[in-house]
Amino acid sequence: MVNEIIKEALHPYPADLVLVTKVGARRGDDASWIPDLSPNALRAQVHDNLEHLGLEVLDVVNLRSMAHEGHSEESIAESFTALAELQQQGLIKHLGLSSVTIPQIREAQAIAPIVTIQNLYNLVNRDDDDVVEYAAENNIAFASFFPLGGFTPLQSETLAKVAARLDATPQQVALAWLLQRSATSVVIPGTSSLAHLRENIAARDLVLPADAVTELDSIGA
Ligand SMILES: NC(=O)c1ccc[n+]([C@@H]2O[C@H](COP(=O)([O-])OP(=O)(O)OC[C@H]3O[C@@H](n4cnc5c(N)ncnc54)[C@H](OP(=O)(O)O)[C@@H]3O)[C@@H](O)[C@H]2O)c1
């Protein structure tokens, strides 16, 4: 459904657009996410994405491990190998990972290069500080999902105070903090509002002074 909306809105795709797709789970009848990382399922999901996006090759495919709850170290080798084979067949340009630990990232890198990691990370949820650092050291884009807290919107007096001082919204400051967090940090805030979209894009130009960064760092410390 989402891919059909993307296709309707953006096809034919501009040359500088990079579509990042995620495989490794399917929706249950109750709209829940059911992990499905078997090679057959992954192959089917890649072909499904190609068909519904109207593409012959996918720019970036993330393997979603869904193992971040409890930081499970389960192997993703068999699943990632299936995606690497699809890449060798020319159906995928670049590979990425989502909801993964550093051992899982290393395991995948031994199979094929990865260009992006998409994990839960924001001002308050900083369990993956080590993954952010690892991504920067290895020149891998780190995309924070739930950058604004997702279903639990970020709430912090410190954030509100810093935002008021900088004449920005708390959400803009939260995004600016993420963007300055590392050399390879990128953000993917979701919004259904054009006004919020414009504010979020403007956060790119918000420069946080050092004292503001120190205060903001204390929120998730
Ligand atoms: N890899 C994974 O496993 C995984 C898991 C979850 C999510 N994701 C991805 O992560 C991305 C972000 O997730 P998300 O949208 O659920 O969480 P989010 O970006 O942290 O938060 C979105 C919420 O923030 C609000 N918001 C956005 N901009 C705002 C602004 N400028 N001012 C005030 N409120 C603002 C939105 O409301 P309005 O609509 O009113 O703006 C929405 O309620 C999505 O692309 C999603 O697909 C990936």
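The values are calculated or read from the model by the stated rules, or taken from the named source; none is laboratory data. Quick caveat: nothing in here was measured; it's all calculated off a predicted structure. Every residue, glycine among them, receives a Cβ derived from its backbone with ideal geometry; neighbour counts consider all protein chains shown. Accessible surface is based on the protein model in full, side chains and every heavy atom, while ligands, DNA and RNA are left aside. Shrake-Rupley method; radii C 1.70, N 1.55, O 1.52, S 1.80 Å.
Can you give me the C-alpha center-to-center distance between the range 170-221 and the range 86-133, rounded to a whole angstrom?
About 22 Å separates the Cα centre of the range 170-221 from the one of the range 86-133.
Give me the percent of accessible area attributable to carbon and sulfur for the range 2-120, probe 1.4 angstrom. Walk me through the numbers on the way to the answer.
Values: 3290 of 6220 Å².
Percent of accessible area from carbon and sulfur atoms in the range 2-120: 53.
Put a dot 7 Å past each Cα toward the Cβ at residue 151 and residue 207; how far apart are the dots in nm?
So the label points at residue 207 and residue 151 sit 4.0 nm apart.
Calculate how steeply helix 210-220 sits against the longest principal axis of the alpha-carbon atoms of the chain, using the helix alpha-carbon long axis, and give the answer as 0 to 90 degrees to the nearest 10.
That works out to roughly 60 degrees.
How much mean residue ellipticity at 222 nm does the chain get from its helices, if each DSSP H run of length 4 or more adds -39500 (n - 2.57) and you divide by all residues, to the nearest 500 deg cm²/dmol? Before the final figure, lay out the partial values.
Values: 9 runs with 94 residues, N = 221.
So the helix-based figure for the chain works out to -12500 deg cm²/dmol.
What is the spin-label model distance, in nm, from residue 85 to residue 215 if the labels are put 7 Å beyond Cα along the C-beta direction?
5.5 nm
Taking the Cα centre of the chain as origin and charging only Cβ (+1 Lys, Arg; -1 Asp, Glu), how large is the dipole, in debye to the nearest 20? Please report the intermediate quantities before stating the final value.
Working: 14 positive and 29 negative charges, 77 e Å.
The dipole of the chain has a size of about 360 debye.
Helix 170-181: angle to the longest alpha-carbon principal axis of the chain, degrees 0 to 90, nearest 10?
For helix 170-181, the angle is close to 70 degrees.
Give the lysines reachable from residue 22 as a straight Cα distance under 20 Å; neighbours fewer than 8 places away on the same chain don't count.
7, 93
Once both axes come from the Cα atoms, what is the angle between helix 77-88 and the longest principal axis of the chain, in degrees from 0 to 90, rounded to 10?
On a 0 to 90 degree scale, this one is about 80.
Could you pull out the longest piece of the chain with no exposed loop GluC sites (Glu not before Pro) in it, calling a site exposed if DSSP puts it outside H, G, I, E, B and it has at most 10 other Cβ atoms within 10 Å? Please list the in-between numbers first.
Working: sites that count: 56, 69.
The segment 70-221 is the longest one with no such site.
Once fully extended, how much extra length lies between residue 160 and residue 4, figured as 0.36 nm per residue of separation less the alpha-carbon to alpha-carbon distance? Walk me through the numbers on the way to the answer.
Details: separation 156, 0.36 × 156 = 56.16 nm, distance 3.80 nm.
Length gained, residue 160 through residue 4: 52.4 nm.
For the range 125-187, which whole-number percentage of the solvent-accessible area (1.4 Å probe, protein heavy atoms only) is attributable to carbon and sulfur atoms?
49 percent
Hey, can you find the accessible area per residue of the chain for me, probe 1.4 Å, expressed in square angstrom?
On the way: 11910 Å² over 221 residues.
Averaged over the residues of the chain, the accessible area is 54 Å².
Could you tell me what a quarter of the Cα convex hull surface of the chain works out to, in nm² with one decimal place?
Numbers: hull surface 51.5 nm².
If I average the Cα hull's projected area over directions, I get 12.9 nm².
Take the Cα atoms of the range 1-79, find their three principal axes, and give me the spread along each one in whole Å, biggest first.
Per principal axis, max minus min of the Cα coordinates gives 40, 28, 23 Å.
If you average the sequence gap of Cα pairs under 8 Å that are 6 or more apart and divide by the length of the range 97-221, what percent do you get for the contact order?
Numbers: 172 pairs, mean separation 32.1, N = 125.
So the answer I get is 26 percent.
Relative contact order, percent, of the chain when contacts are C-alpha pairs under 8 Å separated by at least 6 residues? All intermediate terms of the calculation are to be shown ahead of the outcome.
Working: 345 pairs, mean separation 31.0, N = 221.
It rounds to 14 percent for the chain.
Given 0.36 nm per residue, what is the gain on full extension from residue 56 to residue 112 after removing their alpha carbon distance, in nm?
Details: separation 56, 0.36 × 56 = 20.16 nm, distance 2.08 nm.
Full extension from residue 56 to residue 112 adds 18.1 nm.
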